[in-house]
Every structure is written in structure tokens, then in C-alpha cells.
1. Which condition number does T52 fail, the rest of (1) at pLDDT 95 or above; (2) closer than 15 Å to N7 by Cβ; (3) of a type in the set (S, T, Y) being met?
2. Of all residues in the stretch 15-47, which are touching a Leu at 6+ places or on another chain (Cβ under 7 Å) and of a type in the set (D, E)?
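The values are calculated or read from the model by the stated rules, or taken from the named source; none is laboratory data. Just so you know, these numbers come straight off a predicted model, no measurement behind them. Reconstructed Cβ throughout: ideal geometry from the backbone, glycine too, with neighbour counts over all protein chains shown.
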Amino acid sequence: MKNWAGNLTFSAKEFIEIDNISKLQQVVSNSQGVKVLATGHSFNAIGDTKDTLISLKNLSNAIEIDSQNAQALIPAGMAYADAARYLESKGWAFSNMASLGEGNNCWSDLNWNSWFWK
Ligand SMILES: Cc1cc2nc3c(=O)[nH]c(=O)nc-3n(C[C@H](O)[C@H](O)[C@H](O)COP(=O)(O)OP(=O)(O)OC[C@H]3O[C@@H](n4cnc5c(N)ncnc54)[C@H](O)[C@@H]3O)c2cc1C
């Protein structure tokens, strides 16, 4: 398995797609080390591990909007563009956008608590 640019081959001994919290807990407690892989757009080895790589893209949750503080709690595996579309449907928007919204994962680009504007 390679990153988006193809310049890096991941060295993890296993890759697991997480679709529920109990599976996540089980994988974390049974592994020597766990790293989350999003879309692998990073050009360096920051997302690599020799142990277990997981994907959270199937771990779905709803976005929670805190209108008073102009903040949103966004699920860890959600793509940037999906979050942007959801916010737009509610009359909000990110204050800026990366160029690869369809692929990129919100966590790695924004972190969980994202500021956004109306
Ligand atoms: C063509 C191209 C254009 C780009 N344009 C921009 C741009 O306009 N603006 C910009 O800011 N960046 C840009 N980037 C850089 C890119 O946004 C970053 O490299 C970003 O970190 C990649 O996100 P990813 O979702 O692919 O994460 P990955 O590369 O898969 O992971 C990045 C890091 O985040 C961690 N991580 C990912 N998801 C989670 C999670 N759910 N929980 C915990 N840790 C997690 C990984 O373990 C790793 O350490 C671009 C990259 C490319 C290839």
C-alpha cells in the first residue's frame, strides 16, 4: 500500500477498517501500536507505522454544530468535502478550505474542533 504520491510504501503489518467503537477498542488494546491512515495525502512517513494502521472512514457519526460558539464537532474519519457540504446545508462554512477536499480527512487537516463561519 502506497501514499497518494506513490513515493512511500507503508510498512504496517496490518491494515484494519474500523466501523464501530468496540472494534476500535479491541484493535487498540490488542496492538503494539496504532496509527490512523486517512487518505495518505501526506508526502512523508508521518502516517506510517510498523504495527497497525487503521482507517476510520466507516466510523460514521453526525456533525454536531455549536452555533453559539461557531464551532463544530466533526467525526474523525469524515472527508473534508462531506463536512463542508453538511455545514453549507445548515448555512455555515469553513473559514478556509484545502485544495483536496474530496479526499482529505477532516481530522488531519483541521483537528476535531473546527472553527467555521456563517
Ligand atoms: C495534491 C495535494 C494538495 C494538497 N493541498 C493542500 C492544501 O491546499 N492545504 C493543506 O493544508 N494541505 C494540503 N495538502 C497536504 C495534505 O492536506 C496533508 O498532507 C494532510 O495531512 C493529508 O491528509 P490525509 O487526510 O490524507 O491524512 P494522512 O496523510 O493519511 O495522515 C496525516 C496524519 O494525520 C494522522 N491522522 C489522519 N487521520 C486521523 C484520525 N482520524 N485520527 C488521528 N490521526 C489521524 C495520520 O496518522 C498522520 O499522522 C495537499 C496534499 C496533496 C497531495
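1. The single condition T52 does not satisfy is (2).
2. Residue satisfying the conditions is D19 alone.
This table checks each residue for (1) at pLDDT 95 or above; (2) within 16 Å of the chain's Cα centre (by Cα).
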| site | (1), (2) |
| --- | --- |
| M1 | no, no |
| F10 | yes, no |
| S29 | yes, no |
| A70 | no, no |
| A76 | no, yes |
| A84 | no, yes |
| N105 | no, yes |
